[in-house]
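What follows is a short report on a single structure.
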Amino acid sequence: MTETSQIHSGTESAPNTVKTVLQWLAIATLVYLLISSVGMIGAGFKGATKGQAADLFQFATNPFMGLIIGILATAMIQSSSTVTSIIVGLVAGGLPVETAVPMIMGANIGTTITNTIVSLGHVRKKKEFRRAFASATVHDFFNVMAVAIFLPIEILFHPLSAIGGYFAEMFVGGDNMSVKGLNFIKPATKPVIDLFTDLSHMISENIAYFLLIAFGILIIFMAITVIGKLLKKLMVGRAKVIMHNAIGKGPVTGIISGAVITVLVQSSSTTTSLMVPLAGSGVFRLKQIYPFTLGANIGTTITALLAATAISGETAVFALQIALVHLVYNTSAVLLIYGIKSLRKIPIRGALWLARIATERKAIALLYIVGIFFALPAALIFITNQF
Amino acid sequence: MTNDEYESLSTKKLKKLIKQTKATLNELKEEMSKRKLDNQHSEIDHLEDHMEEVEHGFSNFMTFLKDVMDKKKK
């Protein structure tokens, strides 16, 4: 390299470093706001329901209703991280964990809409569309199957709540391993929560707590969206290295890589959507994409865990419990469905079948999206209300 | 080589030929796997482009709708 070019590259890299530092600072600020907003939702929900949160969500005590709420909410805002963080906040505000578990499961299904929409972009090339659509819907089939297996078991025996509760108690509730004494989150987030509480009371005294919840939801949504965009830029290089290393190393590495990339970009939709063009081009086979997708399910649980750190006090244990339920549920689903060969093949076969018929009649793809993510949940809500 | 020509070969020669063919087949399979892996690595090198594609969810949906409508009209 010549001296001139060295000087040139030196002057170019300095602004880049400053830019990167600023981007990381923005992420740190947004994570702080995210954690604070979960606290805001908890405080708002507690204040709005005056300790009667269970009564307010009486309509969702039917697990199917909870599931549908999770599906619809996530499909509409296309971010399971946002929905699970809100659920953590609601649990902190008094929403019973057993009511929240089906909502978490529903969020898993709702989030799959994003990569399915991405796959529609390949519509002009028939073979490419078939491969892309199959790589997207394999995630749908897996998540629906996981709910079909785990929801009835959870309703009958509550194993997920029990495991989540056991570990939550261990981390924040018990006397031995409690981190209560070390909790610095509450004083750190107090200024933001107090600021928005005062603002809500200034706007309207009657609906102050509802406004606080609304501010919390808005900030969570904005924070997660911007964090996702920034991390995509900052982490693309790291994601490349992980994927290069995972190639040709088998499904377990694929699952771990999918989980790590999702933690890095803080969005399962990003990871699963990234797989769509890779499969669409035909360079990666559905069998190779599938483990990455499952890893994304596990990696995405980090956001709810992060959100749970915002909660202190007597409901902290429940907030952590629901976040851990998300982790235990997604990990167990991968272990069970991917671990058993005959079960493992079902989502692949389902996705290939659907992709084949959707390639022949494109309207079926549209019907599928509208039906699974919106019409069917809405119809189920209607039916549930009738009986 | 035709079937008649195979018949004229000694068993020893035939075994040798099978061994050579297997070795060639393995080499070809190896080359094929290497090419597949190279293609996958090169696809991952374009991850930034794929990230951008992911951003265009709404326009993807509109493209799809337009395509479905066009097909319906025909």
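Readers should treat all values here as calculations from the given coordinates under stated rules, not as data from a laboratory. For clarity, every value in this text was computed on a predicted model and none was experimentally measured. Quick reminder, even Gly has a Cβ in these numbers, built from the backbone with ideal geometry, and neighbours come from all protein chains shown.
Evaluate Rg over Rh across segment A:299-375, taking Cα atoms for both radii and Kirkwood's formula for Rh.
A ratio of 1.19.
Treating each Cα of segment A:334-383 as an identical point scatterer and ignoring solvent, apply the Debye formula and state log10 I(q)/I(0) at q = 0.12, 0.13, 0.29 Å⁻¹.
These q points yield log10 I(q)/I(0) values of -0.41, -0.47, -0.91.
Measuring from label point to label point, each 7 Å out along Cα→Cβ, what is the A:Ile364 to B:Glu27 span in nm?
In this crude spin-label approximation the distance works out to 4.6 nm.
Which of A:Gly280, A:Leu160, A:Ile71 sits closest to the plus end of the dipole of segment A:29-386, meaning its Cα is farthest towards the positive end, when Lys and Arg get +1 and Asp and Glu get -1 on the C-beta?
In segment A:29-386, that residue is A:Gly280.
Rounding to the nearest 20 debye, state how big the charge dipole of the protein assembly as shown is about its Cα centre with +1 on each Lys and Arg Cβ and -1 on each Asp and Glu Cβ.
Roughly 2000 debye for the protein assembly as shown.
Cα centroid distance between segment A:228-272 and segment B:12-74, in Å?
20
Beyond 20 Å, how much of the Cα-Cα pair distribution for chain B remains, as a whole percent?
67
Using the structure shown, list the pairs from A:Lys125/A:Lys362; A:Lys126/A:Lys341; A:Lys19/A:Lys229; A:Lys233/B:Lys36 with a Cα-Cα distance above 19 Å, or answer none.
Cα-Cα > 19 Å for A:Lys126/A:Lys341; A:Lys233/B:Lys36; rest within.
Mind giving me the FRET efficiency for A:Gln58 and A:Glu205? R0 is 30 Å, r the Cβ-Cβ distance, nearest 0.05 is fine.
The value I calculate is 0.70.
With unit charges on the beta carbons (Lys and Arg positive, Asp and Glu negative) and the dipole taken about the Cα centre of segment A:155-296, which residue among A:Ala223, A:Thr271, A:Ile289 sits farthest to the positive side?
Positive-most Cα among the choices belongs to A:Ile289.
Per DSSP H run of n ≥ 4, the term is -39500 (n - 2.57); total these for chain A, divide by its residue number, and report the mean residue ellipticity at 222 nm rounded to 500 deg cm²/dmol.
Helix-only estimate at 222 nm: -27000 deg cm²/dmol.
Could you quote the convex hull projected area for the protein assembly as shown, Cα atoms only and averaged over all directions, in nm²?
Dividing the Cα hull surface by four gives the mean projection, 34.7 nm².
Could you please report the charge total around A:Asn297, scoring K, R as +1 and D, E as -1 over all other residues with beta-carbon less than 15 angstrom from its beta-carbon?
With Lys, Arg at +1 and Asp, Glu at -1, the neighbours total 0.
For an R0 of 51 angstrom, estimate the FRET efficiency from the Cβ-Cβ distance between A:Met170 and B:Met62 and round to the nearest 0.05.
0.55
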